[in-house]
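Asks: Quick one: this structure, given as structure tokens, is what I'll be asking you about.
The values are calculated or read from the model by the stated rules, or taken from the named source; none is laboratory data. All of these numbers come straight from a predicted model, not from anything done at the bench. Neighbour counts run over all protein chains shown; Cβ positions are idealised from the backbone, glycine included.
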Amino acid sequence: MNSNNTTSVLKPTNFKGFLLDLIIYIAVMFLIREVSIPKIGFMGNGLFWSLTTLVVATWRMRVRNVTWKELGLRKPQSLLKTFGVSIVILVAVILSILAFEMIKDFLPFSIAPDVSSENASSKFGNLKGNWILFLSIMPMVLLESMLEELLDRGFLMNWIERLFSSTTFATIIAVLLQAAIFGFRHSYDFSARSITVGIIGLIMGIAYIKFGRNLWSLIIAHCMLNTMSMMDRV
């Protein structure tokens, strides 16, 4: 399955405009995470950060006369094909993570250990055997999964691509940069977690280009991946 649209979907604009958009967006994306509301918990804060960033992205899109539909939030032509692509993406992500786990100890540089499982209780509460807590958290997890695809693959990747002009080189740069930012944003260090999340972003970015820039397959795959991760904690 090949993409019918492998170039940027964005309307022409000036370099300075897109650079300004990215500066505003990335600044807000990281600075808003310094704001923490204790009463709403980890997932509540995560949604607050993502929704705030979504508002900024939508604002800059309106300035450039770009819609979310143009970036890939459009009705799939075939639901069966969409779910099939989602399964392919999910399998590719899992195999890539397994491959990294197999080779990470042999890499010529040191990587900080992944402590995400150790922090899971402080983030989500004690999920072990607690299906009621699991079911109460999952709607927020799935919404966050969707928001990450809208923001990282839909907005950020297209804006980086347009910044470097609509060329194959620009697309490669956009895929790599959004994956790096996606990974770093989840741990703020060079750790096994940041690399693993970066790998997820890389596969999602490639799939976005490969499968016609439709975000729904990525959203479904991301939701399935996070559901599996959360179920592993119960």
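Asks: Might you check whether a residue that is under 20 Å from residue 28 (Cβ atoms) and of a type in the set (S, T, N, Q) occurs anywhere in region 55-68?
Replies: Here is the first cut: in region 55-68, the residues under 20 Å from residue 28 (Cβ atoms) are 55-64, 66, 68.
Then drop every residue that is not of a type in the set (S, T, N, Q), which leaves 58.
Yes, the conditions are met somewhere in region 55-68.
Asks: Hey, among the residues in region 210-234 that are crowded, with 20+ Cβ neighbours inside 10 Å and of a type in the set (Val, Ile, Thr), which one's farthest from residue 144 (Cα to Cα)?
Replies: Selected residue: 220.
Asks: Determine which member of the set 95, 31 is at pLDDT 95 or above and either over 25 Å from residue 209 (Cβ atoms) or in contact with a His (Cβ under 9 Å, 6 or more places away or on another chain) (or both).
Replies: Values: 95 fails: either over 25 Å from residue 209 (Cβ atoms) or in contact with a His (Cβ under 9 Å, 6 or more places away or on another chain) (or both).
That would be 31, the only listed residue that is at pLDDT 95 or above and either over 25 Å from residue 209 (Cβ atoms) or in contact with a His (Cβ under 9 Å, 6 or more places away or on another chain) (or both).
Asks: Also: Please return the ranges of helices (runs of 4 or more DSSP H) entirely within region 117-234 where 1 or more residues are under 14 Å from the mean Cα position of the chain (by Cα) and in contact (Cβ under 8 Å) with a residue 24 or more places away in the chain. First the steps, then the outcome.
Replies: Working: elements: 120-124, 131-148, 157-163, 168-185, 192-210, 215-231.
Fully inside region 117-234 and qualifying: 131-148, 157-163, 168-185, 192-210, 215-231.
Asks: Please tell me if residue 68 is in contact with a helix residue (DSSP H, G or I) (Cβ under 9 Å, 6 or more places away or on another chain), without any contact (Cβ under 8 Å) to a residue 40 or more places away in the chain and surrounded by fewer than 18 Cβ atoms within 10 Å (Cβ to Cβ). Walk me through how you get there before you give the answer.
Replies: On the way: in contact with a helix residue (DSSP H, G or I) (Cβ under 9 Å, 6 or more places away or on another chain): yes; without any contact (Cβ under 8 Å) to a residue 40 or more places away in the chain: no; surrounded by fewer than 18 Cβ atoms within 10 Å (Cβ to Cβ): yes.
So residue 68 fails the test.
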